[in-house]
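J.: After the structure tokens below, expect a handful of questions from me.
Nothing in this text is a laboratory measurement; each read-out follows from the coordinates by a stated rule. Because the structure is predicted, anything quoted here is derived from the model rather than measured. Cβ placement follows ideal geometry from the backbone for every residue including glycine, while neighbour counts extend to all protein chains displayed.
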């Protein structure tokens, strides 16, 4: 990226523009001296980079932390060297959700000033709260429009935070609801409640990962939501969602087949292997009991998924 883009007014400014500007100015030296640092965060970052480059070993770097304690810890959080990056992902998602610096610091076990340095240098979005396009495309990334991959949980957290705020983000990151059960009689009810909550979270995540060219993923997301709705209905808490439940049930009843998979290893079902679509479990069970596997095979043998779109310039 050009140095000209590393300033607060650029429409294509990256979230870590201050850090990149500090690196660029130090690299260019006197050639870019007249351009200036723009603010104190860039000035401190430039000084840190010079001092860090002068360190000879880990003892020097440990002493450097004493000179830049909050800056140093913010940088360590961003780099996440030799640690799980989930902490960095959570901080960024919470900043995007509009959470307070104090609450974020409490959540991740650090100081408020560390969070402020982290935002200023590595995830500067505080002045873009009203620019939702910028927050989506630079704060998260345009890849969300193609579907969030299962391993991209950082994007998923950010998307949830931006769309629904810090309270919902708490529930998504926490995954399990907090329940301090002291009465053994409440154990089964608690487990059932956790199960419904997990299914709902997984349905949301699956829906966010659906790619239009991947009908298998789309059906997986729909089936997860169907199970959520059924669980809520059986628990007596989902009556208001009956229309949603009936609509989903109608979709799966109309399909009468599932995406590609492996049929159960029964001799009479060997004919289903290699088909583009295989029957669902209840259909297989009914066919075996009623002796109608041949009819079921005839119904499914010509089912095809549309081929994926061809890439430009591809074969």
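J.: I need 61, 75, 94 ordered by Cβ neighbour count within 10 Å, fewest first.
T.: Ascending Cβ contact count within 10 Å gives the list 61, 75, 94.
J.: Shifting gears a bit: Starting from the 7 Å offset along Cα-to-Cβ, what nm value, one decimal, do you get for the label separation of residue 149 and residue 128?
T.: So the two model labels end up 2.3 nm from each other.
J.: Using alpha carbon centroids, what distance separates the stretch 49-101 and the stretch 5-35, in Å?
T.: After rounding, the separation between the Cα centres reads 20 Å.
J.: So how do 140, 115 line up by other beta-carbon neighbours within 10 Å, fewest first?
T.: Sorted ascending by nearby Cβ count, the order is 140, 115.
J.: Could you give the nm distance between label points at residue 111 and residue 183, where each point is 7 Å from its Cα heading toward the beta carbon?
T.: Here the modelled spin labels are 4.7 nm apart.
J.: Sort 272, 118, 138 so that the residue with the fewest other Cβ atoms within 10 Å of its own Cβ comes first and the one with the most comes last.
T.: 138, 272, 118
J.: Note down the nm distance, to one decimal, between modelled labels 7 Å out along Cα→Cβ at residue 142 and at residue 39.
T.: Taking the two extended label points, one gets 2.6 nm.
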